[in-house]
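Data block below; observations after.
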Amino acid sequence: MPKVLCSFCGIQKDRGKEHMWPDWLLKHLNFHSMDLSGTHYALSGKTVSGRQQNVQSALFGKVCRECNGGWMSQLESKVIPIIKALLETPRSKSSLSQEEASVLAVWAFKTAIIRNAATNYRQIVPSAHFRHLYEHRSIPEGIYVDLAFVNSHHGLSGLQSQTLAGFVRGVDQVNAAEVQDGIYNITLAIGSLLLRVICFQNHAYTVSIPDGLELKIVRIHPSQTAGVSINLSQTYSHPSQIELDAIFHEYD
Ligand SMILES: [Zn+2]
């Protein structure tokens, strides 16, 4: 059995096989025989490369068997009914309990960081985020997970970039690049469901959904309320449109 230095537990162990997209999801969306497309975006938001990736080859190799078959597999089992319900038409799921929102957000974070590590896009997720997830089974500070729907998307795809619009404080103008260092913006498109994971870890700032988009996109993490009401009557027409519907600004 080949050994691997696991990105999550940090220990050299027997290698597991984590699919970039979990098997149950591929089956649920009848996607098994199709190719996945991976599109990569440059800082400017322009597409720099695209590559077709076969589902069978879309594996993340830096995970051990214990993590893969243990806590990660438990997380998958917990998220399956939540995602299936969200994908049902007409959208029967109008709210998420606190527990459901938390499971879905952690799953989105896990899937987004594995997606970045498993594609040939540059590695924009620091190794500390993998370790944090393993050690705390939770999402690090400064990471935001939002949910929306898209009406013309089938199967599975993802977008990743380091693009995020916002306002740099006057005091930070001289080191604006530093302030924005470490940003990542990863969208998972799962059938009609969009899950966007944004990382902006400067504690003087926060990331908000711009005003006027309340019927289109909802924050599931961090959540101020006990549960999340999914009262979304508007949808996106392409997964890439959600990417720029977020803004960073001074924490107030
Ligand atoms: Zn491990």
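Since every read-out is calculated from the coordinates, none of them should be taken as a lab result. Please read all numbers here as calculations on a predicted model, not as lab measurements. Note: ideal-geometry Cβ built from the backbone for every residue, glycine included; neighbour counts use all protein chains shown.
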Positive-end residue of ILE143, LEU213, VAL79, charge dipole of the chain with Cβ unit charges: VAL79
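Calculate for the chain the 222 nm mean residue ellipticity that helices alone would give, adding -39,500 (n - 2.57) per DSSP H run of length 4 or more and normalising by residue count, nearest 500 deg cm²/dmol.
-7500 deg cm²/dmol, from helical runs alone.
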Charge context of ARG196, other residues only, Cβ under 9 angstrom, K/R +1, D/E -1: -3
Please sort by residue number the trypsin sites (Lys or Arg not before Pro) in the stretch 114-201 whose DSSP state is loop and whose Cβ has at most 15 other Cβ atoms within 10 Å. ARG122, ARG137, ARG169
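Over all alpha-carbon pairs in the stretch 141-252, figure out the percentage whose distance exceeds 16 Å. Mind dumping the intermediate values first?
On the way: 3659 of 6216 pairs.
Every Cα pair in the stretch 141-252 considered, those over 16 Å come to 59 percent.
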Beyond 25 Å between alpha-carbons counts as too far, so tell me which of LYS17/LYS93; LYS13/LYS84; LYS3/LYS78; LYS78/LYS110 fall in that bin. LYS17/LYS93; LYS13/LYS84; LYS3/LYS78
Arranged by the count of other C-beta atoms within 10 angstrom, fewest first, what order do ILE139, ILE124 take? ILE124, ILE139
Summing Lys, Arg as +1 and Asp, Glu as -1, what charge do residues with Cβ under 15 Å from the Cβ of LYS216 carry, LYS216 excluded? -2
Less than 10 Å Cβ to Cβ from ALA118, Lys/Arg counted +1 and Asp/Glu -1: what total charge do the surrounding residues give? +1
Test of understanding: extend the Cα→C-beta vector of SER94 to 7 Å, then name every residue of the stretch 108-152 with backbone N under 20 Å from that spot. 147-150
Counting just the Cα atoms, what span does the chain cover along each of its three principal axes? Round to the nearest Å and put the largest first. 55, 44, 37
